[in-house]
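The structure under discussion appears below in the form of structure tokens.
The values are calculated or read from the model by the stated rules, or taken from the named source; none is laboratory data. The structure presented is a predicted model; accordingly, all values stated were derived computationally and were not measured. Neighbour counts run over all protein chains shown; Cβ positions are idealised from the backbone, glycine included. Just the protein is used for accessible areas: all its heavy atoms, side chains included, with ligands, DNA and RNA removed. Shrake-Rupley method; radii C 1.70, N 1.55, O 1.52, S 1.80 Å.
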Amino acid sequence: MSLINEALVSSTETFSMLKDQLKELKNEPTPFYLYDLNLFEQTLEKAQSAASKYNFQVHYAMKANSNKPILRLVKKYGFGADCVSGNEVKRALKRGFSPEHIVFAGVGKSDAEINFALKHDIFCFNCESSHELAVINELAEQQDKMARVALRINPNVDANTHKHITTGLNENKFGINIWELEDVLQLIQSLPNIELIGLHFHIGSQITDLTVFNNLCARVNEIQDWFNDRGLELPHLNVGGGLGVDYYHPDQNLIPDFESYFAIFNENLKVRPGQQVHFELGRSLVAQCGSLITKVLYIKKGRTKNFAILDAGMTELMRPMLYQAYHKIENLSSVLPEVKYDVVGPICESTDCFAKDVMLPETNRHDLMALRTAGAYGEVMSSEYNLRDKANAVYVS
Ligand code: LLP
């Protein structure tokens, strides 16, 4: 295996930071995830200071990336944990998040997961159906506990994002529909071990059209009014996550515009006196801090196409294959004139393709490539398909 040092061209400025970081890594076998913890801290700091201006609380969506050094910093900057499985709750506790800063969402929580979360007295279950409410009540009764619950309501607001990561429309499986609310309220009144403490919304992910959040606020205000009309004042309002990042120009937009994002909620959400507003951000906090570093194994010249075959594939980063997601690909080794490639992985699937017809500096065996903006929903979604080894995570700061 050639040294990473040798695979880096020394001249160009564009990726110089990434290159500087890689130079220190010497013999790290590819593919691996490279995380810039400095950038991560700066991002957390910006988000936290923008949110705390309005006394907003952020629970970090652990599903985006739950690696130990990531969670350590999330906790250091005062975020809570938003979990979607019993194992995420377990990991949050293990990493030292206190139970009152843990929320547990998900459309299909198992009895074992609910029992575990009840046992540890987490802050809140985000509850997605009347059936689930009845089950949580029954399990809480068995443990002689009160379960704090926020109702996840499907507000039927279009997030204007990829259809596979839209969650807040009537056609989606998530949340309680507005027309069910009357029945759900009646049910809650008959459930002695449920304490209703809030409302929860999450309409989708990778939202770059910020006007969508204005629409969400308007709908949340209507729904809150509906609850108030029925004599219910709820202490917590959770408006989910979803703020998008710039996959096309990572270097120009390393840190998302948290100021504008939180200002929209401050201006448009009718917060009741004493009410706490919660957010569940994942991608916007961690995406730009991670790159998948991979090497070119082979170049295959076809009649109509050139293929650059990498040592990373859909097993390491499946977003392009699953959602046709774009990740910027950079050749860190070559400064030759550009050629058009299909950039593909080694997996035995035609869909194992990161990008078609991209222009890259002429690429050769052992060139080092970076797939950018891969810190969120990258490593966590990797698999061992084809009995592949799990890629390492490497941290620089
Ligand atoms: N809250 C709930 C209830 C969620 O379902 C999610 C993400 C979040 C918060 C965090 O959303 P974020 O701030 O990260 O957008 N694997 C997909 C993304 C799936 C998002 C699932 N839910 C991807 O790679 O694009």
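Points to keep in mind about this one:
- Surrounding net charge for ASP121, when Lys and Arg each add one and Asp and Glu each subtract one, Cβ distance under 11 Å: +2
- For LYS305, the lysines whose Cα falls under 18 Å of its own Cα, not counting residues fewer than eight places away in the same chain, are LYS340, LYS356.
- Coupling constants for the range 95-101 follow from the phi torsions by the Karplus curve (6.51 cos²θ - 1.76 cosθ + 1.60, θ = phi - 60°), and in residue order they are 7, x, 5, 7, x, 6, 10 Hz; glycine and proline get x.
- Accessible area per residue was computed with a 1.4 Å probe on protein heavy atoms; LEU269 scores about 10 Å².
- Largest GNM mean-square fluctuation across GLN288, GLN206, GLN21, computed for the chain with C-alpha springs under 10 Å, falls on GLN21.
- Cα-based reach from LYS76 at 20 Å (exclusive), listing aspartates and glutamates while leaving out same-chain residues under 8 positions away: ASP36, GLU41, GLU45, GLU88, GLU100, GLU280
- Each residue of the range 136-146 is assigned a 3J(HN,Hα), and the resulting list reads 4, 4, 4, 5, 5, 4, 4, 8, 6, 10, 9 Hz, derived from the Karplus form 6.51 cos²θ - 1.76 cosθ + 1.60 (θ = phi - 60°), x at Gly and Pro.
- Exposure ranking of ASP144, ASP209, ASP82 by accessible area [1.4 Å probe, largest first]: ASP144, ASP209, ASP82
- The chain - share of DSSP beta bridges that are antiparallel (%, nearest 5): 40 percent
- Largest GNM mean-square fluctuation across ASP352, ASP311, ASP111, computed for the chain with C-alpha springs under 10 Å, falls on ASP111.
- Here's the list of lysines a cross-link from LYS26 could span, going by alpha-carbon distance under 24 Å and ignoring same-chain residues fewer than 8 apart: LYS68, LYS295, LYS328, LYS390.
- Here the label points at LEU185 and ASN170, each 7 Å from Cα along the C-beta direction, are separated by 2.1 nm in the simple model.
- Amide N proximity, the range 310-340 versus MET359 label position 7 Å along Cα-to-Cβ, cut-off under 13 Å: 337-340
- Accessible area, probe 1.4 Å, largest first, for residues THR43, THR208, THR304, THR351: THR304, THR208, THR351, THR43
- For the chain: relative contact order, % (alpha-carbon pairs under 8 angstrom, 6 or more apart): 20 percent
- In the range 37-287, a dipole from Cβ-located charges (positive for Lys and Arg, negative for Asp and Glu) runs towards its positive end, and of ASN238, GLY96, ILE207 it is GLY96 whose Cα lies farthest in that direction.
- When the listed pairs LYS63/LYS90; LYS46/LYS75; LYS173/LYS270 are checked against a 21 Å cut-off, the alpha-carbon distance exceeds it for LYS173/LYS270.
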